[in-house]
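For reference, the structure discussed in these notes is given below.
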Amino acid sequence: MSLPPVVFASVVLLAVDVHTWWHLIVLAPGAVAALVAFERWTADDLARVARPCLIVAAVVWPLGVLLTGSPNAYWGFCAVGSLALRQVPRRRALAAAGIFAYVATVGATRLLVQQDDVRGVLISYVLVPTALTIAVTVLTVVGERFYDLIRELDHAREREAELAVIRERVRFASDLHDIQGHTLHVVKLKIALAQKLVLRDAEQAEKELRETYALVSDTITQTKELAYAQRRLNLSAEIENAKNLFEAAGIRVRVTREAEVGPRNSELLGQVLRETTTNILRHAQATQVQITLSESGIAIVNDGVRGDALSGLKGLSVLRQRVAGEGGELTVEQQDGRFLTAASFPPSRAEVPSGGQRKDDR
């Protein structure tokens, strides 16, 4: 967008200063050097052409002052010099001062060939070129910083987009782990139970196999819903499912409902309960489980903890980040053979209706 005005300015300045054909030969290289430097600057490739363009423009300025009497011949050196300052990593202010001094000193040499109008020479060849060079340099530096800021913002947007993709992949992997890991472990338990019952209680074994078949079918449906972003966990259904699984495994379970949880928290708490249920069935030798649904969230306590159970619970680590991202806190504690998993949200996030009643399911 800026290139057309720069080309227009170069053409106008040449038209004003060129009075004969050889003037064009002397002054044109300076304008071309400015255009080449500007085009390479916009392409982030100025370093390769900065020095030759600066040398050409620096030669054109004294030739214009002493041979053609062109007060605008500084334009090429001014443009290239202000852009080339970006290539000076240290002492940039000293380099800028050198550019200004060069423009003023060369302009003053006009007094060697035109001594009858000292005031006019100082204004046309020294004051105006130096002032405009300073102004262009300042504007270029400011524009460069603005340009760098825009590029940083673009890079930040790109990184944010990449992080969003990564977060979505982690979320999808976590949900897939919740579905597949939970189901496969339950299927393993039910098949093992059916194997024990197949000879002594064929009817009960057949029932376990039917439930296993239904569970696998439901998992296939949930996986499809997850792939098409249609999956939503129901906390009440997850509580009932957890009760059935614990009872099938011979674990006594008690559910205490102190209050109902708002819809904003229901799905995430359902994920916490599902992950915890899978961990208890897989890693613990529990005999009893207490599930408490309160105003702030959910808490699950079980016994029968073996060794350092915290080290193998990677799924809860992922859930801790997701709960924290929603303004809540996931607590995981192991003490005296008991294991606590609790997800809680502040009152402003909980959205719990008042007047909740306590209800125990045994």
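The values are calculated or read from the model by the stated rules, or taken from the named source; none is laboratory data. Computed from a predicted structure; not experimentally measured. In this analysis, Cβ positions are derived from the backbone assuming ideal geometry, glycine residues included, and neighbour counts consider all displayed protein chains. Ligands, DNA and RNA are stripped out before the accessible areas are found, and what is left, the full protein with its side chains, is counted by its heavy atoms. Shrake-Rupley method; radii C 1.70, N 1.55, O 1.52, S 1.80 Å.
Numbers below:
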{"quantity": "The listed residue being in contact with a His (Cβ under 8 Å, 6 or more places away or on another chain), in contact (Cβ under 8 Å) with a residue 24 or more places away in the chain and buried (at least 18 other Cβ atoms within 10 Å of the Cβ), out of 82, 70", "calculated": "70"}
{"quantity": "Filter pass, residue 2 being open to solvent by 50 Å² or more (accessible area, probe 1.4 Å) and at pLDDT below 90", "calculated": "yes"}
{"quantity": "Residues satisfying the stated conditions in the range 218-258, i.e. open to solvent by less than 50 Å² (accessible area, probe 1.4 Å), modelled with pLDDT of 80 or more and either more than 19 Å from residue 273 (Cβ to Cβ) or outside any helix (DSSP H, G or I) (or both)", "calculated": "251, 253, 255, 256, 257"}
{"quantity": "Residues (assigned to a helix (DSSP H, G or I) and not small (Gly, Ala, Ser)) located in the range 12-27", "calculated": "12, 13, 14, 16, 17, 21, 22, 23, 24, 25, 26, 27"}
{"quantity": "Filtered residues of the range 88-121 (kept if surrounded by fewer than 18 Cβ atoms within 10 Å (Cβ to Cβ), within 21 Å of residue 135 (Cβ to Cβ) and within 38 Å of the chain's Cα centre (by Cα))", "calculated": "88, 92, 93, 95"}
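Condition check ((1) open to solvent by 30 Å² or more (accessible area, probe 1.4 Å); (2) in contact (Cβ under 8 Å) with a residue 24 or more places away in the chain; (3) acidic (Asp, Glu); (4) in contact with a Ser or Thr (Cβ under 8 Å, 6 or more places away or on another chain)) across all residues:
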{"residue": "15", "(1), (2), (3), (4)": "yes, no, no, no"}
{"residue": "20", "(1), (2), (3), (4)": "yes, no, no, no"}
{"residue": "35", "(1), (2), (3), (4)": "yes, yes, no, yes"}
{"residue": "54", "(1), (2), (3), (4)": "yes, yes, no, no"}
